Amino acid sequence: MSNVVIVGTQWGDEGKGKITNALASCADFVVRFQGGANAGHTVTVNGEPIVFHLLPSGISVPGVSCIIGSGVVIDPLALVEEIDRVRGAGISVGDNLLIDVGAHMVLPYHKAVEAAEEERLGKSAIGTTRRGIGPTYADRISRTGLPIGLMASFDDFRARFTAAAERKNEILERLYGREPLDVGEMLDQLEAAAKRLSPHFADTPDILRGALDQGRNVLFEGAQGTLLDIAFGTYPFVTSSYTSATGVSAGTGVPPRMVGDIIGIAKAYVTRVGAGPFPTELFDSNAEIIRDRGAERGSTTGRPRRCGWLDMVALRYAVAVNGIRRLIVTKLDVLDTFESIPICVAYEIDGRRTETFPRTVDELERAKPVFEEFPGWATDTSGARTEEALPDNAMSYLRTIADMAGVEVAAVSVGAAAHAVVEFAQIL
Ligand code: IMP
């Protein structure tokens, strides 16, 4: 290993948490570089599922240092709650957690403004997780945000927060006709959180560059997926961060030339939560089968996920954007009951066939999937741990993905448990 980036190749929820957790045992550092508490990485620890939102998934692995990089937006109140919850599950959170001083804070007014705006948009809403992600990144870019390191000196922070909160209250009252938020109450909560979090504050780019110079193993843990990337996703139906590997340098301070191998994670089918185009979406009983078998409900919001067949046009695009050479396919077992499985190999847009992923949402909305049918395996694969134990048709399905995407498929996951993985000795 040395240094590896894990990225989602779809609209998030590809099962990155499990893979990150497995690789974390070889890592010295696990680093989140973007997103915030909108993410939900489910990892099975001691047989129990545990969901991480802000903490890097590696936190459950003893001896690993976990970094929340400057590209992440941190809700301090949510992070304190998460630390307590994770500790309650027997995981230690102490010196193994470092928070970059430059990471911006999601504050209660960000969540309030986002909720008001989503409601104002009505049918055109993005369908966000309402964790305040977009408004926080917007403040950062417009130079009105508050980096978490400011909380180390709370009196200075108090003045800046008060000014910012009063401004947001004006917006809430005048633009949205909402009740203003209680500034004093928010400050009390934030002061308590600052006491808990400030021992973890650090200059993490410096630590990471030093670690990489010494050849230490660093795992960069992506959240969400490439198609939700602010620059390369299905804008405006995206999240507000660089979810692809392009975000690693900006979100950690590690120079681009030091960023190593990029491993893509793809589910054997596709899901999406929230609004936005989804060419291979299913609306029939097959969607229900996938949703039930794959437990496809949002780990942050509990919303049922939209489900569809594998989309190779989108996957090839994600491979190109990230420079992926190795792919790990997850949740293959969810497809175990199908006699035949369609794969989308091209789109038809305005009567023209294309294998190129459109860069505008209008075009993507008009894209009709062109499917090829592949024979299913109609066999339970959840117990497979070796290549020989996988049915021939399942192996062909994986080989087809590798060939069409022009990547190596290094492993396939066939269940939620950590050991439910088949690693390919000879990469497909
Ligand atoms: P936001 O990130 O809360 O602003 O939401 C923007 C869009 O990204 C919405 O469609 C969300 O459903 C989606 N999204 C955000 N985080 C995740 C995630 O972790 N998995 C899947 N979708 C997500």
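Summary table
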| read-out | value |
| --- | --- |
| Residue that is in contact with a His (Cβ under 9 Å, 6 or more places away or on another chain), in contact (Cβ under 8 Å) with a residue 12 or more places away in the chain and exposed (fewer than 15 other Cβ atoms within 10 Å of the Cβ), where the choices are R385, R353 | R385 |
| Verdict on F237 being assigned by TED's automatic domain parsing to the domain that holds P358 and of a type in the set (F, W, Y) | no |
| Filter result (over 23 Å from T129 (Cβ atoms), of a type in the set (V, I, T) and either under 16 Å from the mean Cα position of the chain (by Cα) or open to solvent by 10 Å² or more (accessible area, probe 1.4 Å) (or both)) within segment 298-320 | V319 |
| Test: residue in segment 217-238 that is small (G, A, S) and over 30 Å from G276 (Cβ atoms) | no |
| Selected residue (criterion: nearest to the ligand (Cβ to nearest atom)) from residues of segment 268-300 that are charged (D, E, K, R) and in contact (Cβ under 8 Å) with a residue 40 or more places away in the chain | R272 |
| Per-region count, segment 128-152, residues closer than 18 Å to K168 by Cα, within 7 Å of the ligand (Cβ to nearest atom) and open to solvent by 20 Å² or more (accessible area, probe 1.4 Å) | 3 |
| Test set (1) within 25 Å of G406 (Cβ to Cβ); (2) within 16 Å of the ligand (Cβ to nearest atom); (3) touching a strand residue (DSSP E or B) at 6+ places or on another chain (Cβ under 6 Å) - W309 fails condition number | (2) |
| Residues being buried (at least 24 other Cβ atoms within 10 Å of the Cβ) and within 25 Å of P49 (Cα to Cα) - total across segment 83-127 | 1 |
| Condition check for I171: of a type in the set (V, I, T), at pLDDT below 95 and farther than 18 Å from I74 by Cα | no |
| Condition met for A223 (within 12 Å of the ligand (Cβ to nearest atom) and of a type outside the set (D, E)) | yes |
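Rundown of residues vs (1) surrounded by fewer than 24 Cβ atoms within 10 Å (Cβ to Cβ); (2) in contact with a Gly (Cβ under 8 Å, 6 or more places away or on another chain); (3) among the aliphatic types (A, V, I, L, M), yes/no style:
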position	(1), (2), (3)
V4	yes, yes, yes
G8	no, yes, no
K16	no, yes, no
N21	no, yes, no
A24	no, yes, yes
V30	no, yes, yes
G40	yes, yes, no
T44	yes, no, no
G47	yes, no, no
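The values are calculated or read from the model by the stated rules, or taken from the named source; none is laboratory data. None of these values were measured; they are calculated from a predicted model. Virtual Cβ from ideal backbone geometry, glycine too; neighbours counted across all protein chains shown. Surface areas here come from the heavy atoms of the whole protein model, side chains and all, with no ligands, DNA or RNA. Shrake-Rupley method; radii C 1.70, N 1.55, O 1.52, S 1.80 Å.
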